[in-house]
Amino acid sequence: IDGIRHAVMSRHDISERKRMEIRLHRSEEKFGLLVENSHDIIYTLNSSGVFIFVSPVWTRLLGHDIADVIGKSFREFIHPDDIPACEIFLESVIVTGERRSGIEYRIRNKSGEWCWHTTSAEPFRDRRGKIAGFYGIASDVSERRKFLEDLEQQATTDELTGVINRRHFIALAAVEVRRAIRLAHPLSFALIDIDHFKKINDTWGHAAGDRALVHFSRIYRKNIRDIDILSRFGGDEFVLLLPETDTAGACEVLERLRKILVENPLDLDGITVPLSVSIGVAFCGTSDGTDESLDAILLRADKALYRAKEEGRNRISVF
């Protein structure tokens, strides 16, 4: 101006912006600390289910390096049986556009073991509003699952022998009876008593009696089908349910089991104790108006068992 150079300056108050930057930086620090120190895995998937981000907790819980996870589909880590449920879960997030939670699945750790996890997932969108992927938080629930499984086992299993207990058997058997009647399929029941069990207890003690019960249960469980149901009813009395088996078939199976037990006596620290059983068999599915309730069938089997004992034990009797 008039031959003299001047500097033109403008001044803006950026205090608020600086405060925002400081808050953002602090927020990012807090978020970073939260992600790194959380007990849960924080992750991001794209819409195809490929990992974009996983927090360091993944390595702590599952062992895989983060570099071995990023860029891979979640399907590579999930148990094959659980993949369909996980896919349906993510699809529901896309359809509803809302956060979902509660699904439980098995995920493989670096050692190849399966760990139970639960997850929540929330969709995020691109600039056009289309769902581009998912934010998620996953928690390890293996201990809780084991605790619940242990509770269930205690509620349904005989502690000594490992076979199902009376209460659980009655629930299962009632279902099988209804199914057999509805479909007109054969179904057989066998009540089984270990012969002279009291003599074992009186001669060698109750610990020997317990070993006899375990020995019997192990042999029978090893030699029946997966669909057959063996239960300890109490004391030395057991019941065996044989689905899809008529009376003749049941007698054939039970005779084979009877012989196997006789051929495999109990070994009490060098003392051989022979074991045999008396068996009463009853059939479900008669068409002559006979009472087909579970109680009635078990009563018929009990009468047959009593007859087997009267006739000399170590034998099968059919009602």
- Query: Taking a quarter of the surface of the convex hull around the Cα atoms of segment 120-199, what do you get in nm²?
  - Reply: 11.3 nm²
- Item | Cα convex hull of segment 250-319, projected area averaged across orientations, nm² | 5.7 nm²
- Can you give the angle from 0 to 90° between the axis of helix 166-183 and the longest principal axis of the chain, with both taken from C-alpha atoms, to the nearest 10? 80 degrees
- Message: Which three extents, in angstrom, do the Cα atoms of the chain have along their principal axes, listed largest first?
- Response: 136, 51, 28
- Message: Can you give me the angle between helix 15-37 and the longest principal axis of the chain, using Cα atoms only, in degrees from 0 to 90, rounded to the nearest 10?
- Response: 20 degrees
- Listed by chain and number, the lysines with an alpha carbon less than 17 angstrom from that of Lys222, same-chain partners under 8 positions apart left out, are Lys259
- Query: In segment 176-222, how does Rg compare with the Kirkwood Rh, expressed as the Rg/Rh ratio over alpha carbon atoms?
  - Reply: 1.26
- Message: Could you identify which residue out of Trp204, Trp58, Trp114 has the top mean-square fluctuation in a GNM of the chain using Cα springs shorter than 10 Å?
- Response: Trp204
- Task: Rounded to whole Hz and in sequence order, give me ³J(HN,Hα) for segment 3-9 from the Karplus expression 6.51 cos²θ - 1.76 cosθ + 1.60, θ = phi - 60°, writing x for Gly and Pro.
- Result: x, 10, 7, 10, 9, 9, 10
- Cα long-axis angle, helix 294-310 against the chain (0 to 90 degrees, to the nearest 10): 40 degrees
- Task: Whole Å is fine, so just give me how far the alpha carbon centre of segment 51-105 lies from that of segment 132-176.
- Result: 24 Å
- Item | Rg to Rh quotient for segment 152-264, alpha carbon positions, Kirkwood Rh | 0.99
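Taken together, the values in this text are just the output of simple stated rules run on the coordinates, not laboratory data. Quantities reported herein were computed from a predicted structural model and do not represent experimental measurements.
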